[in-house]
Amino acid sequence: MNLLLEFPIAASLAACFLQFGSAWKALGKSRQGAKPEDDGDLPAVSILKPLKGVDDRLLDNLESFCRLDYPRYETVFCVQGASDPALRVARKVKEMHPEREIVVVVGDCRAGLNPKVNNMMPGYAAARYPFVLISDSNVAPAPGYLREAMTHFRDPSVGLVSHLVRGIGAKTLGARLENQHLNTFILPSVSLLDRMFGIPCVVGKSMLMRREDLDAMGGLASVKDHLAEDYVLGEMFRKAGKKVVISGSPVDNVNVYRTLRQFLSRHARWNRMRFSIAGAGYVAELFTNPVGLSLLMVAATPGDAEAWSVAGGVAAAKMGMDYGMHRMLGDRSSPGWVLLGPIRDLLAGGLWFSAFFSRNVEWRGRTLRITRGSRLVPVGEARPMEPVAEGAR
């Protein structure tokens, strides 16, 4: 066998065990629950929902925010342009739930290079409550989600609360790979960084904060030219002396009909983004892919039977951990799906290397270039137009 790869493979397996243990502790702590706040002690919240196109189960996802167990909140649906088909879905949800405070904001903001932040800025201007929750369109929370998130603000030093993210609903190969990546790499990695290294990794699927804190740091405009606006917001709060909390109560990210091409494109973009943030530290991600490293060893010594045996053992160990993660997250689908794990790890390894060859990303039909810290290279943009808010309260 290639002795130069034996130690990295062992270290990589150890890192995966640490990730698994960190996720187990984080999820276990969340199941203990927290004493709920009295309704009179809970501040009102504005929920910003940036919409773009019709995501999988979009109507159900948006309706889930109408069933939150929370005394007072508004939901602000943000759409860029009247031609976006998501606008029709947002209006339908508003019609179906007249008992809820729902506002639809149609804007054409082009203030920055991050299209998601551009989408939210008019909605943020229209929001009226002291706490702001940013939640993506493909998120479907449990009824107690917002109440649980708010319990962390019992500590006055807390500035931002984010959540672990669980992928659900897959019916196609691309969606299954997407959800496996979320559940067996992203969620355990976020848990490990937070619990063992004290590095909270904010995920944009769920970010709750005080509006006055965000305004003091420049509001959403402060991240309008960053690809990783969630990471940058987390760093801004941390540098301002505010605690950033990663809740162990996962929110569901719904991926049903994603294609293989969409999976590859999304993760190529994410890898380039992480490389722009971590720099040389990006190399550490190699140690979270023992299957990829063991296959490198096989490629270096293709005639070595022992190398093949090690690769098989590594794949079996990793699939066992993947299976455990899915069960821990409540996934009761066929155990046979874990056989996709080695394929996903192989694809992830190739995508990891792609970050060294290009800094360009395709996002919502645009080509953008990422520079250090995920800052996007500016290009000429038209002046933003005034938003139009529908449905006066």
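Structure notes:
- Shown are Glu306, Glu101, whose ranking by accessible area with a 1.4 Å probe and every protein chain present, most to least, is Glu306, Glu101.
- Projection of the Cα convex hull of the range 253-299, averaged over all directions and equal to a quarter of that hull's surface, yields 4.8 nm².
- Here the label points at Ala142 and Phe356, each 7 Å from Cα along the C-beta direction, are separated by 4.3 nm in the simple model.
- In the assembled protein chains, His326 presents an accessible area of approximately 10 Å² (probe radius 1.4 Å).
- If the convex hull is drawn through the Cα atoms of the chain, its volume per residue in Å³: 137 Å³
- Extreme residue, positive dipole direction of the range 4-127, given options Phe17, Cys66, Val89 (C-beta unit charges): Phe17
- Degrees between helix 229-239 axis and first principal axis of the chain (Cα, 0 to 90, nearest 10): 80 degrees
- Local electrostatic count, Phe65, Cβ distance below 9 Å [Lys/Arg +1, Asp/Glu -1]: +2
- Flagged links, alpha-carbon separation over 31 Å, of Lys29/Lys49; Lys25/Lys52; Lys25/Lys242; Lys94/Lys205; Lys243/Lys318; Lys25/Lys94: Lys25/Lys52; Lys243/Lys318; Lys25/Lys94
- Residue order by solvent-accessible surface for Trp352, Trp270, Trp24 is Trp24, Trp270, Trp352, largest first, with ligands and nucleic acids left out and a 1.4 Å probe.
- Helix 86-96 and the long axis of the chain differ in direction by around 60°, with both axes built from C-alpha atoms.
- Of the residues Ala348, Ser247, Gly336, the one whose Cα sits farthest towards the positive end of the charge dipole of the chain is Ala348 (charges of +1 on Lys and Arg Cβ, -1 on Asp and Glu Cβ, taken about the Cα centre).
- CD proxy at 222 nm, helix term only [per DSSP H run n ≥ 4: -39500 (n - 2.57); per residue of the chain; nearest 500]: -14000 deg cm²/dmol
- Residues Met96, Met207, ordered by accessible area of protein heavy atoms at a 1.4 angstrom probe radius and largest first, appear as Met96, Met207.
- The charge dipole of the chain, taken about its Cα centre with unit charges on the Cβ of Lys, Arg, Asp and Glu (plus for the first two, minus for the last two), comes to roughly 400 debye.
- Two-site label geometry, Met96 and Arg372: point separation in nm, points 7 Å out along Cα→Cβ: 4.8 nm
- Heavy atoms of Ser189 accessible to a 1.4 Å probe, total area in Å² rounded to 10: 20 Å²
- Accessible-area composition of the chain, carbon plus sulfur, in percent [1.4 Å probe]: 59 percent
The values are calculated or read from the model by the stated rules, or taken from the named source; none is laboratory data. Note that this is a predicted model, so its numbers are computed, not measured. In this analysis, Cβ positions are derived from the backbone assuming ideal geometry, glycine residues included, and neighbour counts consider all displayed protein chains. The area values use the complete protein model at the heavy-atom level, side chains included, leaving out ligands, DNA and RNA. Shrake-Rupley method; radii C 1.70, N 1.55, O 1.52, S 1.80 Å.
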